[in-house]
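Report on the structure given below.
The values are calculated or read from the model by the stated rules, or taken from the named source; none is laboratory data. Keep in mind that this is a model prediction, so the values were computed, not measured. Cβ atoms come from the backbone with ideal geometry, glycine included; neighbour counts cover every protein chain shown. Surface areas here come from the heavy atoms of the whole protein model, side chains and all, with no ligands, DNA or RNA. Shrake-Rupley method; radii C 1.70, N 1.55, O 1.52, S 1.80 Å.
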There are 2 protein chains.
Amino acid sequence: MTPETPGFPAVWLRHNCPCQDCRDPVTGQRLLKITDIPNGLVATVTAQHDTEIVVTFAPDGHRSVFRRDWLAAQALMGDGADPDPRTEDGKVLWRAADLAAPPATDWAAYTSDDRVREDCLDAVARYGCALLRGVPASPGMVLEVAATFGYVRETNYGKLFDVRVEPDPDNLAFTSREIAPHTDNPYRDPVPTLQLLHCLRDARSDGSEAGGDTGLVDGFAAAAALRAEDPESFGVLTGTPVPFGYVDKETELTARQPLISLSPRGRIAGIRYNDRSMLPLRLPPAEAEAAYAAIGVWARLLSRPEFLLRLRLAPGDCLIFDNTRVLHARTGFTATAERHLQGCYADLDGLLSTLAVLRRQ
Amino acid sequence: MTPETPGFPAVWLRHNCPCQDCRDPVTGQRLLKITDIPNGLVATVTAQHDTEIVVTFAPDGHRSVFRRDWLAAQALMGDGADPDPRTEDGKVLWRAADLAAPPATDWAAYTSDDRVREDCLDAVARYGCALLRGVPASPGMVLEVAATFGYVRETNYGKLFDVRVEPDPDNLAFTSREIAPHTDNPYRDPVPTLQLLHCLRDARSDGSEAGGDTGLVDGFAAAAALRAEDPESFGVLTGTPVPFGYVDKETELTARQPLISLSPRGRIAGIRYNDRSMLPLRLPPAEAEAAYAAIGVWARLLSRPEFLLRLRLAPGDCLIFDNTRVLHARTGFTATAERHLQGCYADLDGLLSTLAVLRRQ
């Protein structure tokens, strides 16, 4: 470490050397192995130019040239100064009153203007949800929406699934029942990190009474509220893996994850909650009682109206939301109503990659 | 809690009531909401039959009938007695000498006999790898192999990717270079949890000298060794999110996860390591030095010959391995050799579901 490379340990500089021996010029991938870095490495600035500095290492004599602006941008930082964008630190947390409605975008503009698409995907990254309006209400379009930013995650429900009343449902989603706020597929690991729901027909299309409204809850905001109000329950929930399961004739999925996941730095990083598919907790009695008590506190907090953003999907609306953060719900509706949504799953990494590429322009 | 329902708290019994009001008889999903369970719940056994007991709850008077054998199977347990099959507790850890070769299965038997298929998928679950032999060496077959147990995870590399020497590679995999043990796509979150590699042509098919051998390392066994030998480095690695990145013209992926992930119970649950794509750590200098030192210890441990299971894929061989556990490597080969593998990604949850369904029979 020298005054010209403040804060950068020698091993850091060596591991990040950009020379052609250390990094492949075509792929940009590292060729240097960390095991090739000698012990007791010392870095000395041996030349300074306007835009670059030269660092020479002892004992191996390797020479690295670093651009000054690149080094400055890499400044080493403390906890929280380089926030993980997938945790609460990279998000705008919200309650219903903060948003009024999910950030909405017109499909025609989305498909023709990269800036509009960037804003829409940015809304998913920051708020956990976005609404596309005017997507043609034709079957299969939801897959085309997913293809604009990423890749569909196929599951036992297919590449896409139809959400409508079915005579012989495998899942309560396929009935007219009220569904409380939940995340999808908690019994899957890795869980699909994005969900799309495209409305082909709403509950009133046939003239029946209202119903089938959609609700969204920012689970990160709710978890932050729980941490502030009841840190003990928060601690139980983040430390207790909860088993979830789904069984049908051809499928038998189970996963065990906490209802609230933390990053290694202790920041809120994931929400997983679905009362319908929670399996019996297998814990010593006192722990089981404490866990159910904490789950009850969490469920009551999640059902507070202040968290529930209500909306009614109209034909052509396509909702995109972060299934690791935002819980979704629907009100019950008349069983004869021909409400019909199509949904699919996708993943956040693909969406965030598309967003990063759009931001380059 | 009563002598007839030893260890089951009242709230546990109530949340797991199997009656038609509490659980949908068609889907098997829970209808009861945890928020509907009254506070101060008391459970009393009010009738006992040969195969069932009746529990009545105060204050709401709800009545549940539990099968005795079901209750006995749900016995509440202590830490470690109900191991998470996705962590080290559900695995058989191995070093090269323990396996000699990955558990191998003939493709014809695999496709015609459910017991053979079950054994092969069980090997992936327990050992983290399995080899199918005699898979027709024709392009695209790797997708058919994946379809026998789950769903392909499409990425920026496509539904499948060709691993061969390319003139203008985006990735060092597509060169003839040696590749040290690594997991794939550490810059992706969620990371693909399974990888398939299907050999269409090996490095010697054109008569050139040997090379392009495959190596596998059980990362869970290596992490357990690190924990035993150097708990301090183990603690640094499990507590430090490491940023990984991949950039090309159309892609810009980043993810931050520890190199060794633990379950909330502190058990080894995931390995993520690829020196080629590690981004600069942005930590205060002392933490950065400690992190690089721990990464160096880990990399040296991973490169010990005792962990490296070597094999040579022959045309028709298809390797399936757990990308959250098993690192893979290859030796360098002559750049003119026409070695050609096709790979794809898939997910463990689908494979484990297929395995669970096969086990029902």
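The table below lists the values:
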read-out	value
Two-site label geometry, B:ALA47 and A:VAL26: point separation in nm, points 7 Å out along Cα→Cβ	7.7 nm
For A:ARG201, distant residues with modelled amide H under 5 Å away	A:HIS340
On Cα atoms only, tilt of A:348-360 relative to the major axis of chain A in degrees	60 degrees
Inter-chain shielding of A:270-281 (mean C-beta neighbours from other protein chains, 10 Å cut-off)	4
Summed buried accessible surface, chains A and B, 1.4 Å probe, nearest 100 Å²	7600 Å²
Placed amide H near A:ASP106: partners under 5 Å, 5+ positions off or other chain	A:ARG133
Å² per residue, accessible surface of the stretch B:241-334 at 1.4 Å	33 Å²
Solvent-accessible area, 1.4 Å probe, carbon plus sulfur percent, for the stretch A:231-361	54 percent
The stretch A:257-316-the stretch A:144-209 distance, computed between alpha-carbon centres (Å)	20 Å
Rounded to whole Hz, the Karplus (6.51, -1.76, 1.60) HN-Hα couplings of the stretch B:212-223, x for glycine and proline	x, 5, 9, x, 10, 10, 6, x, 5, 5, 5, 5
Distance histogram for the protein assembly as shown (every C-alpha pair counted, 10 angstrom bins, percent rounded to whole numbers)	3, 13, 23, 25, 20, 11, 4, 1, 0
Simple spin-label estimate for A:ALA335 and A:GLU144 in nanometres, 7 Å along Cα-Cβ	3.6 nm
Overall Cα dimensions of the stretch B:212-341, principal axis frame, Å, largest first	47, 39, 26
Acute angle (nearest 10 degrees) that the helix B:285-302 long axis makes with the longest principal axis of chain B, alpha-carbon atoms	80 degrees
Net charge of Cβ neighbours under 12 Å - reference A:ASP119; Lys, Arg +1; Asp, Glu -1	-1
Listed residues A:SER112, A:SER233 arranged by accessible area, highest first, probe 1.4 Å	A:SER112, A:SER233
Relative contact order (percent, whole number), the stretch A:130-234, Cα cutoff 8 Å, 6+ residue spacing	21 percent
Hz values of 3J(HN,Hα) by residue in the stretch A:254-264 - Karplus curve (6.51, -1.76, 1.60), Gly and Pro given as x	9, 8, 10, 9, x, 5, 10, 9, 10, 6, x
Average beta-carbon neighbours from other chains, 10 Å sphere, peptide A:284-297	5
Surface accessible to a 1.4 Å probe, per residue, for the residues of the stretch A:50-149, Å²	47 Å²
Orphan Cys of chain A, criterion: no other Cys C-beta under 4.7 Å	A:CYS19, A:CYS120, A:CYS129, A:CYS199, A:CYS318, A:CYS344
Reciprocal mean inverse distance between Cα atoms of the stretch A:81-213 - Kirkwood radius, Å	17.1 Å
Net +/- balance of residues flanking A:ASN39 in space, Cβ distance below 12 Å, scoring K and R +1, D and E -1	0
Over chain A: helical MRE at 222 nm, DSSP H runs n ≥ 4 each giving -39500 (n - 2.57), nearest 500	-7500 deg cm²/dmol
With Cα atoms, 0 to 90° folded angle of helix B:114-127 axis to chain B main axis	80 degrees
Under-5 Å amide H pairs with A:VAL242, H placed in peptide plane, nonlocal only	A:GLN257, A:LEU259
Sorted largest first, extent of the stretch A:142-195 alpha carbons per principal axis (Å)	32, 23, 19
Candidates per trypsin sites (Lys or Arg not before Pro) in the stretch A:248-308, loop by DSSP, up to 14 other Cβ within 10 Å	A:LYS249
